[in-house]
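Colleague: Dropping the structure in here first, questions after.
The values are calculated or read from the model by the stated rules, or taken from the named source; none is laboratory data. A quick note: this is a predicted structure, and the numbers were derived from the prediction, not measured. Glycine also receives a Cβ, built like all others from the backbone with ideal geometry; neighbour counts cover every protein chain displayed.
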Amino acid sequence: MIDFLKMEKDAKKEAFRKYLENSGVLDALTKVLVSLYEQDDKPSSAIEFIQHKLGGPTTSDHEKLKGELYDLQAKYDKLLATNQELCKEDLLLCGLRFGSFVAFAIIDS
């Protein structure tokens, strides 16, 4: 029974290894690790080096994008508030122009 479990575990490992090999993961990781090994000046963060080589954003890129997102969200919120105020003014002016008090009811709600 123990031999069967060991064989099943080994078969799963081999299937996973073949999956990684066939999908190009082992080759890509090998190239990145060789590149890191060949660096004369080793980077301070091996993880960032690997992420960059594999095409992912670095931590500093991620922080920069988070800052941009925060700034854009603030601009969006400001523009949305301005738009709402202008819509209220527009309703008020339309109501006054046509002698209707409907705009006042909408603005107060």
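Colleague: How many of the residues making up the stretch 27-44 are of a type in the set (Asp, Glu) and within 16 Å of Leu54 (Cα to Cα)?
Modeller: 1
Colleague: Determine the pairs where a residue that is assigned to a helix (DSSP H, G or I), located within the stretch 64-76, has a partner that is not hydrophobic (A, V, I, L, M, F, W, C) with Cβ atoms under 9 Å apart, the partner being 6 or more residues away or on another chain.
Modeller: Qualifying pairs under 9 Å: Lys64/Pro57; Leu65/Pro57.
Colleague: Could you please tell me which pairs satisfy a Cβ distance under 9 Å, a separation of 6+ or placement on different chains, a first residue in the stretch 14-26 that is over 20 Å from Leu54 (Cβ atoms) and of a type in the set (A, V, I, L, M, F, W, C), and a second residue that is at pLDDT 95 or above and in a helix (DSSP H, G or I)?
Modeller: Pairs that qualify, where the first residue is over 20 Å from Leu54 (Cβ atoms) and of a type in the set (A, V, I, L, M, F, W, C) and the partner is at pLDDT 95 or above and in a helix (DSSP H, G or I): there are none.
Colleague: So, in the stretch 50-62, of the ones that are at pLDDT below 90 and assigned to a helix (DSSP H, G or I), which residue ends up surrounded by the most Cβ atoms within 10 Å (Cβ to Cβ)?
Modeller: Gln51
Colleague: When only residues in the stretch 19-49 that are surrounded by fewer than 11 Cβ atoms within 10 Å (Cβ to Cβ) and assigned to a helix (DSSP H, G or I) count, which is modelled with the lowest pLDDT?
Modeller: Result: Ile47.
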